[in-house]
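Reviewing the structure listed below.
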Amino acid sequence: MRAVITVIGKDTVGILARVSALCADNDVNILDVTQSVLQDMFAMVTLVDVAAVDDDFAAFAEQMKVLGEKEGLVIHVMHEEIFNSMHRI
Amino acid sequence: MLNVSDILETIKMIQQENLDIRTITMGISLLDCADGDIDRSCAKVYEKICRKAKNLVTVGEAIERKYGIPIINKRISVTPIGLIAGSSGGDVIKYAKALDKAATEMGVNFLGGYSALVQKGMTAGEKALIDSIPQALAETERVCSSVNIGSSKAGINLDAVKLMGQIVKKTAELTADSDCIGCAKLVVFCNAPDDNPFMAGAFHGVGEGDCVINVGVSGPGVVRAAVEKAGDCTISEIADIIKKTAFKITRMGQLVAVEASERLGVPFGIVDLSLAPTPAVGDSVAYILEEMGLEVCGGHGTTATLAILNDAVKKGGVMASSRVGGLSGAFIPVTEDAGMIKAARCGALSLEKLEAMTAVCSVGLDMIVLPGDTTAEIIAAIIADEAAIGMVNFKTTAVRVIPAVGKSIGEELTFGGLLGGGPVMKVNYASPNRFINRGGQIPAPLHSLKN
């Protein structure tokens, strides 16, 4: 299964590194990344394969959330299917 | 890859605008539990509910974790107990106790189906059930009750209407110590749907299968935010925006319903296309109407804006789900909606306006606190008026009113949680006694000459 990680917050050095490191620690493969910096606001959307954490998806999402809180960012992990069903006919 | 703004929109809906799945309700048929002996019958009822629903709460929680969408309630609806009570006889309260025990055991907060369908007449079992409602609601915590007293095909059973006026009153008296909460668990219907997942009116209709999963979505906050973002545009554009938003909300309901049905190995019944408010700020249907351009909900223009909202929600939702049903539409429960409570407190929202609103939206006079001295006949007449609107317009209407024992205008009831609380509303005391006491059957309406 695939999930979408969104990271929003003030741009600082190493955001991408920390998010991808946590993914690697959990054996989560990054499939696609788009990011943009508007003035000093950073927004990143990452598509990942979460097959490895299938049973513990909620725990992985929680780890990301905690990382976000530590770094002063809002990090959100959600199942890809939600976006597909909501925005595609 | 997905569009970034779509992704951000969805996350905003869930995190800031209170988008959630309001309920996953498992409908369970108890027709095969009827037994000549009431104790055996109750044991079978308890056993079947526990067997069918044993994974309901864990599966609901697992889906919540998988998708990151809050699923507020997991509930159960069962075959109207009036039908089962007919075969067993005996003290019907035993069924209420068995249902309450099963609901507690399964970890669901409400179980609906302590119900009777008496639109054209009453069997001995149904009469016994209705008579037991006040005691059942006072002595159980999670059981919800409903009675269907009319339909567009059968007309309105005025004898049952009169009886329900007394039952509502008595239920309030028996639960007077806990803010008359019994009445919040009792709904009187006209044209009750068989597949409604929402409490307190949920029951598993006789035309349904053995077991189904019905899902009710919610999201008044999302619709309000979308209307607010639109700014000054025409009402046609507003209707279109609501349609698109309802589509997205319902898609989420469909996703969860299909997943729940697969995981539980139970057929998917319907998605209820609903806008169900909660007392939380920003989760109000009244605020959508105000965002559409009213100073306060309840003023002139309320019925028209509500009609637009209700219609657009259905149009968007129908496209988004493979099977729809239940009560589908906007709900207007006064004590459960922050905007309605505010409007009722300042006197802008009256019982008469609410009645007009029910002609164009889902359900009916819902969660309205009446003065404690409202007579059983007046409550019966409120039920008759509301049922007449449903009968003539071929729609579901319902009455869930709470006569606040010992309280009058200016005082309030507080239930807490999703049921909220609100002020006692003004009632017209002119006597309907002679009409209500006539009894008999109000004939079903003509299907032609529609004017």
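Observations, loosely collected:
- Residue within the range B:154-175 that is over 19 Å from B:ALA444 (Cβ atoms), among the acidic types (Asp, Glu), surrounded by fewer than 24 Cβ atoms within 10 Å (Cβ to Cβ) and at pLDDT 95 or above present: yes
- Residues of the range A:45-62 that turn out to be surrounded by fewer than 18 Cβ atoms within 10 Å (Cβ to Cβ) and either at pLDDT below 90 or not in a strand (DSSP E or B) (or both), as a count: 8
- Subset of the range A:60-80 (residues that are within 10 Å of chain B (Cβ to nearest Cβ) and without any contact (Cβ under 8 Å) to a residue 12 or more places away in the chain): A:GLU62
- Filter result (out of contact with any helix residue (DSSP H, G or I) (no Cβ under 9 Å at 6 or more places or on another chain) and either within 14 Å of another protein chain (Cβ to nearest Cβ) or without any contact (Cβ under 8 Å) to a residue 24 or more places away in the chain (or both)) within the range B:54-93: B:THR58, B:GLU61
- A:PHE42, sole failed condition from (1) in contact with a Gly (Cβ under 8 Å, 6 or more places away or on another chain); (2) assigned to a helix (DSSP H, G or I); (3) not acidic (Asp, Glu): (2)
- Meets criteria (farther than 27 Å from B:ASP283 by Cβ and surrounded by 24 or more Cβ atoms within 10 Å (Cβ to Cβ)) for B:ILE402: no
- Within the option set B:GLY316, B:GLY298, B:GLY269, B:GLY329, being buried (at least 22 other Cβ atoms within 10 Å of the Cβ) and in contact with a Gly (Cβ under 7 Å, 6 or more places away or on another chain) holds for one residue only, B:GLY269.
- Applying the criterion of at least 1 residues that are of a type in the set (D, E, K, R) to the strands (runs of 3 or more DSSP E) found wholly in the range B:77-184 leaves an empty list.
- Test: B:LEU255 is touching a residue at least 12 places away in the same chain (Cβ under 8 Å), among the aliphatic types (A, V, I, L, M) and over 26 Å from B:VAL360 (Cβ atoms): yes
- Scanning the range B:1-23 for residues that are of a type in the set (S, T, N, Q), more than 15 Å from A:ILE82 (Cβ to Cβ) and modelled with pLDDT of 85 or more gives a single hit, B:THR23.
- Looking across the range B:405-443 at every residue that is polar (S, T, N, Q), at pLDDT 95 or above and more than 19 Å from B:ALA348 (Cα to Cα), the one that is surrounded by the most Cβ atoms within 10 Å (Cβ to Cβ) is identified as B:GLN441.
- If you go through the range A:24-39 and keep only what is away from every other protein chain (no Cβ under 12 Å), closer than 26 Å to A:LYS10 by Cβ, of a type outside the set (A, V, I, L, M) and not in a helix (DSSP H, G or I), you end up with A:ASN26, A:GLN39.
- Candidate set: the range B:280-329, residues that are within 14 Å of chain A (Cβ to nearest Cβ) and in a loop (DSSP other than H, G, I, E, B); chosen: the one farthest from B:GLN16 (Cα to Cα): B:SER322
- Residue in the range B:7-27 that is assigned to a loop (DSSP other than H, G, I, E, B), within 14 Å of chain A (Cβ to nearest Cβ), under 16 Å from B:ASN109 (Cβ atoms) and under 22 Å from the mean Cα position of the chain (by Cα) present: yes
- A residue that is over 25 Å from B:GLY325 (Cβ atoms), part of a helix (DSSP H, G or I) and of a type outside the set (Ser, Thr, Tyr) occurs nowhere in the range B:264-279.
- Among the residues of the range B:252-279, the one identified as within 14 Å of chain A (Cβ to nearest Cβ) and of a type in the set (S, T, N, Q) is B:GLN254.
- When residues of the range A:74-87 are limited to those that are within 11 Å of the chain's Cα centre (by Cα) and more than 11 Å from B:ILE7 (Cβ to Cβ), the one surrounded by the fewest Cβ atoms within 10 Å (Cβ to Cβ): A:VAL74
- If the condition is being on the phi < 0 side of the Ramachandran plot and surrounded by 24 or more Cβ atoms within 10 Å (Cβ to Cβ), then the range B:213-230 contributes B:ILE213, B:ASN214, B:VAL215, B:GLY216, B:VAL217, B:SER218, B:PRO220, B:GLY221, B:VAL222, B:VAL223, B:ARG224.
- Residue, farthest from A:LEU73 (Cα to Cα), within the range A:1-23, restricted to residues that are charged (D, E, K, R) and more than 13 Å from chain B (Cβ to nearest Cβ): A:ARG18
- Number of the exception - B:PRO134 against (1) under 21 Å from B:ALA172 (Cα atoms); (2) out of contact with any helix residue (DSSP H, G or I) (no Cβ under 6 Å at 6 or more places or on another chain): (2)
- One residue alone among B:LYS12, B:LYS52 is crowded, with 19+ Cβ neighbours inside 10 Å and among the basic types (Lys, Arg), and that residue is B:LYS52.
Results for (1) over 30 Å from B:THR58 (Cβ atoms); (2) within 19 Å of the chain's Cα centre (by Cα); (3) not small (Gly, Ala, Ser), shown as yes or no for each residue.
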site: B:ILE93; (1), (2), (3): yes, no, yes
site: B:ASN109; (1), (2), (3): no, yes, yes
site: B:LEU129; (1), (2), (3): yes, no, yes
site: B:GLN135; (1), (2), (3): yes, no, yes
site: B:GLU139; (1), (2), (3): no, no, yes
site: B:ILE149; (1), (2), (3): yes, yes, yes
site: B:VAL161; (1), (2), (3): yes, yes, yes
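- Looking at the range B:363-451, the strands (runs of 3 or more DSSP E) lying wholly inside it that each contain 3 or more residues that are touching a Gly at 6+ places or on another chain (Cβ under 9 Å), in contact (Cβ under 8 Å) with a residue 60 or more places away in the chain and not basic (Lys, Arg) sit at B:397-404.
The values are calculated or read from the model by the stated rules, or taken from the named source; none is laboratory data. In this text the structure is predicted, and so the values were computed from the model without any measurement. Cβ atoms come from the backbone with ideal geometry, glycine included; neighbour counts cover every protein chain shown.
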